[in-house]
1. Got a sec to turn the phi values of the range B:31-46 into Karplus ³J(HN,Hα) couplings, 6.51 cos²θ - 1.76 cosθ + 1.60 with θ = phi - 60°, whole Hz, x for Gly and Pro?
2. For the range A:80-168, compute Rh as the Kirkwood radius over C-alpha pairs and then the Stokes-Einstein diffusion coefficient at 10 °C and 1.306 mPa s; write the answer in µm²/s, rounded to an integer.
3. What are the ³J(HN,Hα) couplings of the range A:138-143, residue after residue, when phi is run through the Karplus curve with 6.51, -1.76, 1.60 and θ = phi - 60°? Round to Hz, x for glycine and proline.
4. Using amide H atoms built 1.01 Å from N in the peptide plane, name the residues 5+ places from residue A:35, or on other chains, whose amide H lies under 5 Å from its own.
5. Evaluate peptide A:65-77: per residue, the Cβ atoms of other protein chains within 10 Å of its Cβ; return the mean as an integer.
6. Check which residues have an amide H placed less than 5 Å from residue B:14's amide H, if you skip close sequence neighbours.
7. Other chains near B:6-17: what is the mean number of their Cβ atoms within 10 Å of each residue's Cβ?
8. Name the residues whose placed amide hydrogens come within less than 5 Å of the amide hydrogen of residue A:15, ignoring near sequence neighbours (fewer than 5 apart) on the same chain.
Amino acid sequence: MVTDSDHLRNQRIVFYSEDIERIDAILSEFLELSGSKCNLLIDKEGHMVTSCGDTDSIDEQSVAALVAGSYAATREMAKLLGEDEFSVLFHQGKRDSIQLSMVGDRTILATVFDDKTTVGMVRLYARTACEKMEEIFEDIARKPKRSGTLDAEFGSSAKGALDFFFTE
Amino acid sequence: MVQINFSLKEVNCKIVYYGPGLSGKTTNLEVVHQKAPGPSVGDLTSIATEGDRTLFFDFLPLNLGQVAGMKTKFQIYTVPGQVYYNSTRKLVLQGADGVVFVADSKRGKMDENIESLKNLGENLKEHGLDISNTPIVLQYNKRDLPDVYSIEEMEQALNSWNAPHFEAVARDGHGVFPTLKRVAGLVLETLNENHAPRRSPSVVAPKGSVTTDGGSTAATAVATRPTKALNTTATSSTGRSTTRVRTTASVVRTSAQAPTVRTGTRPTLITSPRRRKRQTGIWMGFIVASTVAATVLLHLAGIIQIWS
């Protein structure tokens, strides 16, 4: 019998190269149309899915964790106000700004942009990009789950890596 | 939830340090940050109050290196321990793949430990997880204090499901790595069971067989550490008196970055307003030029008629 716990565990997100390539194409198009600096696609747990644009000056992992935290906190605020969630968040800075848009129910699109474009342009094209990515995620969800996605040597390799890393 | 990204060749796991206030959760992360091999840890980000109490969470990315061709990364979080921050604790716990429960060994703190553990069970349940089936390790911290509960007392009060446990003095770094190693092993073990073909060997020793050192041997595969690091120190403040975001230390660039996607061709599906405006301008210019040319021709025709 599959328990709720098992069900949640089986929902682990697996992204295959062909899916990411489709997402990357949409992000690239969005990057050019909106005139943004970079785009990060982040899952709700704060893990990076993919990114495009000029990310050299950004610590992607920390930004991803903070974006997910910020989004989760705002969602709780929305619930207190009787909303399901706020689907778009916007943080304005002196030089750079960031817009967060929900993509489906699991991922967040973080768009970093400066004064070379406007929030209107970013918002306009983000909506289209999010809709296209949602279609891809629905497509992924419809595909039958593949079994044995990791290498057979993963167990022994993980054991070796842990021993190596934690040698004191 | 574990994220497996075959495009980036990455496995991302989330570990959460849980426990009552002032039990040493943030100290654990600080020790990992200081002692882990430089290139393998990223920034330690702390969203803390002026008094250095965790307000939202601490976050430390840790890169284990290549495991069977996949970059294996852990995102390590702590929660705020104080009772009234339960809503933020619940948010941080969302999607956790493994939990370290840091208990305070000091005599008189048992009620707080029990209450926090009960709260952990309730919050896990809200996320559809059962505490007895979740990869969890108990750490009995502050063992150096003069008046502490015995390990038997701690076990009896807190460890009813026989989870692995470790003694620790996090302030001195003692017991920090074995705890993390064990929980990381349990997380990867669960991942291995669910995603690798059945013949894949186990990551850790059977549950309950190792409870004091977390060590295991027999490494059969090559593990490589990241080799490039960018050492920076950055401190930033939100400007609000109650919240401080601190970031310090070294950043892993080589392992953390996703490949940059750049486009060589212009998209054809949508026309931007700027481009549309430009195209309209060109058409207007063409119409005006045509009208002028037609008028000139008509005038010329009239002049020729008069001449003839």
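1. Residue by residue, the range B:31-46 yields 5, 4, 4, 6, 9, 5, x, x, x, 8, 10, x, 5, 8, 9, 10 Hz.
2. Here the translational diffusion coefficient equals 93 µm²/s.
3. Each residue of the range A:138-143 in turn: 5, 4, 4, 5, 6, 5 Hz.
4. When sequence neighbours closer than 5 places are left aside, there are no close amide H contacts.
5. Mean shielding by partner chains, rounded to a whole number: 4.
6. B:75, B:97, B:98
7. Shielding by partners across B:6-17 averages 4.
8. Those lying under 5 Å, H to H, from residue A:15 are B:4, B:5, B:6.
Values in this text are rule-based calculations from the coordinates and carry no lab data. This structure is a prediction, so every number in the text was calculated from the model and none was measured. Cβ sites come from the backbone with ideal geometry, for glycine too, and all protein chains shown count toward neighbours.
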